[in-house]
Amino acid sequence: MNNPMYKLITEDGRHRQHRRWLRNLLETTNGPLRIASAYVTDTDLLVSVSNRSVQILTSLLRMDVVSGATSLDALRSLIENGVQCRYLSNGPRFHAKVYIFGDEFVVVTSANLTRNALDSNIEVGVELSGNAVQEVIAWFDVHWDKAQPLDATQVSMWQQQTATLCSEYSILRKKLSAEPKLSHNALPVGLPQDGSSLLHDILDNTNSSSQSRPRFFLCNTDRKHGRPTHSGKYKREELMCTRSYAAAWEKFKFPNHMKRVKSGDVIFMYANKVGIIGIGVAKKGYEVLEPGHIDRILNEEEITPEWRIPVAWLVWVSDEQASPWQPPDVRTFVDVSEQLYDDRRDRAIKHFESQTYKT
């Protein structure tokens, strides 16, 4: 192709391309600048723009602000410098990253208008010209018309409303980053290493007839929808382990089963087609966190409540060390205290009781 209609913009982690590339297009083109960016924290790219219409279309969810993914300070600064800002907060999540320079060029990229994206992240994009530019402009204008205008007064009001949440999130983030990392094949950090004796106590209580006998529950780790990360681990499963919760996010059929859980009850963690990979003891009863709550385990699941039980894990193992248990009806969270499950429960506990798991 003698006259390519596209050019690649690639980052290798050392020589920065995106900021330089975008700035060059700003300086060599005319006409309005249209930017679609899911998150906004950078103002440097646009600080020198004058005599040119600039439109920024973004997603403005509360959690984006609280987590720092989007900076209200940056948006207010841009607005005060004449940038037109609009936001989409309803419907499907707006996650685009597009920079349109007049009617000449468009950059479609993984890079948001953020400092991390332009200065440190490994990003990749493509510069397009020709007919594609008009198609992208038409796409942008459709969403711009649907979006709500944002002014400095609104930004100031939202800063006041989210100040406490931002502070709490910052404290929580520092706390979590300071916690030791968990080996996937290890007992959760900070819990007794002699898991076998604790499991033995559970087995004794299982077979007792006293009123102190715990109830037993099976929680599905949801591998079907959890999808493994690049490291091969399942994100939801790993978060439940490291954050010490048994949790559910979808609209599952048996929330009344989770409501039965009390402190001291036993939780079995079931991995689909593998068996039991974890056993723990409930610290207290259930809690429900609505979408947008700062302390949710999984903030990606924002459309349903997060049902969860705080759990002290006694053992959490790899698939190879799991105890086989195929429930007759795999459910999200179910009470397995009935006699029907006695044999399976006992075999699972004895399986782990007979082994030693070390960090």
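The values are calculated or read from the model by the stated rules, or taken from the named source; none is laboratory data. What you see is a predicted model; the values in this text were computed from it and never measured. Methodologically, a virtual Cβ is constructed for each residue, glycine included, from the backbone with ideal geometry; neighbour enumeration extends over all protein chains shown.
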Q: State the number of residues belonging to segment 45-90 that are free of Cβ contacts under 8 Å to residues at least 24 places away in the same chain and under 17 Å from residue 140 (Cβ atoms).
A: 1
Q: Read through the list (1) at pLDDT below 80; (2) farther than 30 Å from residue 95 by Cβ; (3) assigned by TED's automatic domain parsing to the domain that holds residue 259, then give the number of the only condition that residue 302 fails.
A: (2)
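Here's the yes/no breakdown for (1) closer than 14 Å to residue 236 by Cβ; (2) in a loop (DSSP other than H, G, I, E, B):
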residue: 269; (1), (2): yes, no
residue: 273; (1), (2): no, yes
residue: 276; (1), (2): no, no
residue: 280; (1), (2): no, no
residue: 291; (1), (2): no, yes
residue: 296; (1), (2): yes, yes
residue: 311; (1), (2): no, no
Q) With respect to the numbered conditions (1) farther than 24 Å from residue 150 by Cβ; (2) crowded, with 20+ Cβ neighbours inside 10 Å; (3) of a type in the set (D, E, K, R), which one is the sole condition not fulfilled by residue 97? A) (1)
Q | Filter result for the condition that a residue is out of contact with any Leu (no Cβ under 8 Å at 6 or more places or on another chain) and closer than 30 Å to residue 60 by Cβ, over 262, 251 | A | 251
Q. Of the residues that make up segment 52-59, is at least one assigned by TED's automatic domain parsing to the domain that holds residue 152, loosely packed, with under 13 Cβ neighbours inside 10 Å, farther than 29 Å from residue 293 by Cβ and not polar (S, T, N, Q)?
A. no
**Q.** Criterion (surrounded by fewer than 20 Cβ atoms within 10 Å (Cβ to Cβ), closer than 21 Å to residue 121 by Cβ and among the charged types (D, E, K, R)) met by exactly one of 12, 103
**A.** 12
Q | Subset of segment 326-352 [at pLDDT below 85, surrounded by fewer than 20 Cβ atoms within 10 Å (Cβ to Cβ) and under 13 Å from residue 279 (Cα atoms)] | A | 350
Q. What pairs come up if the first residue lies in segment 256-285 and is polar (S, T, N, Q), the second is part of a strand (DSSP E or B), and their beta carbons are under 6 Å apart, counting only those six or more places apart or on different chains?
A. 263/282
